[in-house]
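The values are calculated or read from the model by the stated rules, or taken from the named source; none is laboratory data. Keep in mind that what you see is a predicted model, and the values were worked out from it rather than measured. Quick reminder, even Gly has a Cβ in these numbers, built from the backbone with ideal geometry, and neighbours come from all protein chains shown.
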């Protein structure tokens, strides 16, 4: 059984094991610094389909098929799928998963969805409600631009604070038993809004949410930065990362030496023209399923805090003059637990 | 309440300090020279057309047609977006930019069909230009009429 600790965290008495991970990305991600860590790199953003949305559904379907295979399981062994994306009404996930005969929880956490899916998946396993679950999240650059921003061929400029939506799907399988890495704690996030209205500076909108979750995680668990080898947020980007660092420092925790961000890691801003960095549900999902998971198995880090971050806005909300509330879900992942 | 407002203000200042700004001087210079070149090309086309014997009004109309065509062609060839990234307003403001703003959503929304996709979404970017441009010209026309 799990224990609720502090204000908003959960400690798992029988930490679920992350049994397998799979990732599929687009060509830009494949050319980035983490390119060799991904299972499949697509050259065609449509993947042979006739729309971005259908391509993203295919991404979701194929990645989940792969993660189940990698665990030496079959779809019949999986009790639940927790998945989400950025498209209206989660169509990328729902259409991608309709061929599976597996009960489905559709999630919306914007770019924090991977944290949300892993947290809920872990609760489901530890609570004894399932033997195996899939947690997944995806995004597609073209589909996201079409829904939130501008047509691809429009000749506009992007500010330096803007981010680049990752094309990718990342999935993990959680199970009761396994060699780890294990999910030991989760700190689900609260909605935090410090009044940032600029949808071209989402890092600034999300940094307070990331900081709030990190601080509460430390306070709830009694841990300090020294307890982690790496603290990595989802897609704050270079601007949001600096802001979050400052905010966390103000509360007395200095995480600078171990702090990174998936959006900063996944692209090379200097050569790939991605400005502030990568974003989208897929950003944290593929960075975890590819890079973080593999390097934890290589013992590069043995204890990390993974904090996907999401900006909870719609195209309409910003047009109506609303600010951008955000959320961040922390998942503590360790190679061993006592 | 006040505490939250203070927090928001303080944070806004932090964001302002840390967020990188684009190089305004460099961007204005680029918009200037690219916009200027596009207009100069337009003038050249205009002069060539006039040399074929067309009068001023006809030449203007034909120049517009040629420039719109060039905007459409460059958009379809995936060149206009790169030009726009470099030039900003320099390529958005001239009529070639207007063509780009109608063709790019037309390409994008083809997946949703010709009626609700292409037909209606073609105007997502250009719509305000058409509405407010026409409204402004009507107002100017009325003022002109009464001032005559």
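In this structure, is residue A:226 within 14 Å of another protein chain (Cβ to nearest Cβ), over 23 Å from residue A:139 (Cα atoms), surrounded by fewer than 22 Cβ atoms within 10 Å (Cβ to Cβ) and out of contact with any strand residue (DSSP E or B) (no Cβ under 8 Å at 6 or more places or on another chain)? No: the conditions fail for residue A:226.
Within the stretch A:34-59, being under 18 Å from the mean Cα position of the chain (by Cα) and in contact (Cβ under 8 Å) with a residue 60 or more places away in the chain holds for A:34, A:37, A:38, A:39, A:56, A:59.
Out of all the residues in the stretch B:118-127, is one or more under 24 Å from residue B:46 (Cβ atoms), within 14 Å of chain A (Cβ to nearest Cβ) and surrounded by 11 or more Cβ atoms within 10 Å (Cβ to Cβ)? Don't jump to the end; show me each part of the working.
Residues of the stretch B:118-127 under 24 Å from residue B:46 (Cβ atoms): B:126.
Next, from what is left, pick out any that are within 14 Å of chain A (Cβ to nearest Cβ): B:126.
Next, only the ones that are surrounded by 11 or more Cβ atoms within 10 Å (Cβ to Cβ) stay: B:126.
Taking every residue of the stretch B:118-127 in turn, at least one turns out to be under 24 Å from residue B:46 (Cβ atoms), within 14 Å of chain A (Cβ to nearest Cβ) and surrounded by 11 or more Cβ atoms within 10 Å (Cβ to Cβ).
Modelled with pLDDT under 95, part of a helix (DSSP H, G or I) and surrounded by fewer than 17 Cβ atoms within 10 Å (Cβ to Cβ) - does that describe any residue in the stretch B:49-56? Within the stretch B:49-56 (the criterion being modelled with pLDDT under 95, part of a helix (DSSP H, G or I) and surrounded by fewer than 17 Cβ atoms within 10 Å (Cβ to Cβ)), the answer is yes, since at least one residue qualifies.
Checking each residue of the stretch A:154-168 against the condition of being crowded, with 24+ Cβ neighbours inside 10 Å, over 30 Å from residue A:270 (Cα atoms) and away from chain B (no Cβ under 14 Å) gives no match.
Which of the following residues is closer than 25 Å to residue A:296 by Cβ and either at the interface with another protein chain (Cβ under 9 Å from one of its Cβ atoms) or assigned to a strand (DSSP E or B) (or both): A:196, A:232?
Numbers: A:196 fails: closer than 25 Å to residue A:296 by Cβ.
Checking each option against the conditions leaves just A:232.
Within the stretch A:296-311, not a single residue is without any contact (Cβ under 8 Å) to a residue 24 or more places away in the chain and part of a helix (DSSP H, G or I).
How do the pairs read when you match residues in the stretch B:11-22 that are over 13 Å from residue A:200 (Cα atoms) and more than 7 Å from chain A (Cβ to nearest Cβ) with residues anywhere that are modelled with pLDDT of 95 or more and surrounded by 15 or more Cβ atoms within 10 Å (Cβ to Cβ), using Cβ under 8 Å and keeping only pairs 6 or more apart or on different chains? Every condition considered, no pair remains.
Screening residue A:217 against (1) in a helix (DSSP H, G or I); (2) within 14 Å of another protein chain (Cβ to nearest Cβ); (3) crowded, with 20+ Cβ neighbours inside 10 Å leaves a single unmet condition, (2).
The residue that is surrounded by the fewest Cβ atoms within 10 Å (Cβ to Cβ), counting only those in the stretch A:254-268 that are out of contact with any strand residue (DSSP E or B) (no Cβ under 7 Å at 6 or more places or on another chain) and within 22 Å of residue A:112 (Cβ to Cβ), is A:265.
Among the residues of the stretch B:72-93, are any facing chain A (nearest Cβ under 9 Å), crowded, with 16+ Cβ neighbours inside 10 Å, assigned to a helix (DSSP H, G or I) and free of Cβ contacts under 8 Å to residues at least 12 places away in the same chain? Within the stretch B:72-93 (the criterion being facing chain A (nearest Cβ under 9 Å), crowded, with 16+ Cβ neighbours inside 10 Å, assigned to a helix (DSSP H, G or I) and free of Cβ contacts under 8 Å to residues at least 12 places away in the same chain), the answer is yes, since at least one residue qualifies. All conditions but one from (1) in contact with a strand residue (DSSP E or B) (Cβ under 6 Å, 6 or more places away or on another chain); (2) more than 18 Å from residue A:25 (Cβ to Cβ) apply to residue A:280; the one that does not is (2). Only one of the numbered conditions (1) assigned by TED's automatic domain parsing to the domain that holds residue A:35; (2) at pLDDT 95 or above is violated by residue A:156, and that is (2).
The one condition from (1) in a helix (DSSP H, G or I); (2) within 14 Å of chain B (Cβ to nearest Cβ) that residue A:125 does not meet is (2).
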